[in-house]
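All remarks here apply to the structure that follows.
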Amino acid sequence: MGKALVLFGSTTGNTESVAEYVAETLKSEGLAVDLKNAADVTAEGLAEGYDLVLFGCSTWGDDEIELQENFVPIYDELEKARLDGRKVAVFGCGDSSYTHFCGAVDAIAEKAEQCGAKVVGMALKIDGDPDKAEAVSWAKDVVQSAA
């Protein structure tokens, strides 16, 4: 089929768990998948060689949207990732008691579109602990939307 990148930023491990569920599902759907931690990469050329890029990021902050700290440098330089023409999907974990519940998901999707990406599928916003079944279902929907 194609090649996908699942890139995540996680502090508590929740978004990392979702990223792992998503990567496993994409593999089961026939994609070659690279799973990477935002702490280990830079934005420069990040999307090259991938047909589908999935970004996962948790959200912090009550007064304003705060992206997970390791994801911030990627977000700040997202235009260098070469997303133009790529299919992108976004997921994240948060806490619905905060004003900007999973606001990082919306911010990343918006910036990816500004960088020329085509956002596919609905964004996945998980409240609290990750739900594997929800992540698997979402990942399958993304594959269908990207086809």
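Each reported figure results from applying straightforward, stated rules to the coordinates on display, with no laboratory input. On a predicted model such as this, the values are computed, not experimentally measured, just so you know. Note that each Cβ is placed from the backbone with ideal geometry, even for glycine, and that neighbours are counted across all protein chains shown.
In this Cβ point-charge picture (+1 for Lys and Arg, -1 for Asp and Glu), the chain has a dipole of about 720 debye about its Cα centre. For a paramagnetic label modelled on S28 (point 7 Å from Cα along Cα→Cβ), amide N atoms under 17 Å away belong, within the range 1-22, to 17-22. Length gained on full extension, S97 to A123: 7.5 nm, using 0.36 nm per residue less the C-alpha separation.
Cβ crowding within 10 Å, taken as a proxy for footprinting-reagent exposure, orders I108, I74 from fewest neighbours to most as I74, I108. Is the chain rounded, prolate or oblate when judged by the Cα gyration tensor, a ≥ b ≥ c being the square roots of its eigenvalues, rounded requiring a/c under 1.5 and prolate requiring a/b larger than b/c? Oblate is the answer for the chain, as a/c is 1.5 or above yet b/c matches or exceeds a/b.
Shown for F71, F101: other C-beta atoms within 10 Å of each C-beta, ranked fewest to most, produce the order F101, F71.
Working note: Karplus 6.51/-1.76/1.60 with θ = phi - 60° gives the range 23-29 the couplings 4, 4, 5, 4, 4, 5, 8 Hz, where Gly and Pro are set to x.
Residues Y50, Y98 in ascending order of nearby Cβ atoms (within 10 Å, fewest first): Y98, Y50.
The GluC sites (Glu not before Pro) of the range 57-147 that meet both conditions, a loop assignment by DSSP and at most 13 other Cβ atoms within 10 Å of the site Cβ, are E64, E69, E77.
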